[in-house]
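For reference, the structure discussed in these notes is given below.
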Amino acid sequence: MYAISLGDDGAELRPLEPWRAEEFLAHMDRGRELIGQFIGLADRVTDLASSRAYLQAYAEKTAADAGRIYGIWANGELVGGVLFRTMDLAQGTAEAGCWLEPSAVGKGLVTRAARVIIDWAIEERGVHRVEWRAATGNRASVAVAQRLGMTQDGVLRGNFLYRGKRHDIEIWSVLAPEWRAAKQAPS
């Protein structure tokens, strides 16, 4: 098992594997209301069996090189995560995403964690384009895309039916040359 430091505050990024299903469920229970405002994860992980099945599906995506899921730990507690919902290495594309429970909001954890996985995808796996999709109303997720230096490609109007309501979905992306140039730019 490994952990990647996310900074001086002790936050860490770790693989989120099926054996962590109980911990993942407890985390979802703490964050269900906030997480469920815009993403279906809160509705999919409702008991131990669904928690295990969700993490197992990502273990299978990892084995197939088609996706990844990572947890964010703060003070030893799982408080959120980042993932590649999809990875198509033949095409050089991946779609990243995130979630957080309320105790972790406003600390830059998702931005720091997303930087780690995007950098890995581009530099280690040769991904050319990383996408970030967020409901227009999910301003926190849109702000992460902006902090990551992504460009808004467009808005899919009325694209996502969630809890009986249609949501517009913003698509943001960063290309490998842009990512590398931003890393080289003086801070």
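Quick notes
- Calculated translational diffusion coefficient of the range 80-120 (25 °C, 0.890 mPa s; Stokes-Einstein with Kirkwood radius over alpha-carbon pairs) equals 223 µm²/s.
- Normalised radius of gyration (Cα atoms, divided by 2.2 N^0.38 Å) for the range 117-157: 1.28.
- Computed [θ] at 222 nm, deg cm²/dmol, the chain (DSSP H ≥ 4; -39,500 (n - 2.57); rounded to nearest 500): -11000 deg cm²/dmol
- Each of (i) 16.8; (ii) 17.7; (iii) 16.2 is a candidate for Kirkwood radius over Cα pairs in Å; the one calculated from this structure is (i).
- With contacts taken as Cα pairs under 8 Å at a separation of at least 6 residues, the chain carries a relative contact order of 16 percent.
- Within the accessible area of the range 130-187, the carbon and sulfur atoms contribute 51%, probe 1.4 Å, all protein chains present.
- The gain in end-to-end length when the Arg166 to Asp65 segment is fully stretched comes to 33.2 nm, 0.36 nm per residue minus the alpha carbon separation.
- Charge context of Leu83, other residues only, Cβ under 11 angstrom, K/R +1, D/E -1: +2
- Sequence ranges 45-56, 25-36, ranked by mean other-Cβ count within 10 angstrom, highest first: 25-36, 45-56
- Our note on the geometry: Cα centres of the range 170-187 and the range 120-154, 10 Å apart.
- Relative frequency of Cα-Cα separations exceeding 20 Å in the range 86-187, percent: 41 percent
- Solvent accessible area, Å² - Tyr58, 1.4 Å probe, full protein context: 20 Å²
- Packing, as the average of other Cβ atoms within 10 Å across residues, places the peptides 172-185, 115-128 in the order 115-128, 172-185, highest first.
- Tensor-based shape of the range 31-130 (alpha-carbon gyration tensor, a/c under 1.5 rounded, otherwise prolate or oblate): oblate
- Pairwise FRET efficiency - Glu22 versus Trp120, Cβ, R0 = 22 Å, nearest 0.05: 0.20
The values are calculated or read from the model by the stated rules, or taken from the named source; none is laboratory data. A quick note: this is a predicted structure, and the numbers were derived from the prediction, not measured. Please note: Cβ atoms are built from the backbone with ideal geometry, for glycine as well, and neighbour counts cover all protein chains shown. Surface areas here come from the heavy atoms of the whole protein model, side chains and all, with no ligands, DNA or RNA. Shrake-Rupley method; radii C 1.70, N 1.55, O 1.52, S 1.80 Å.
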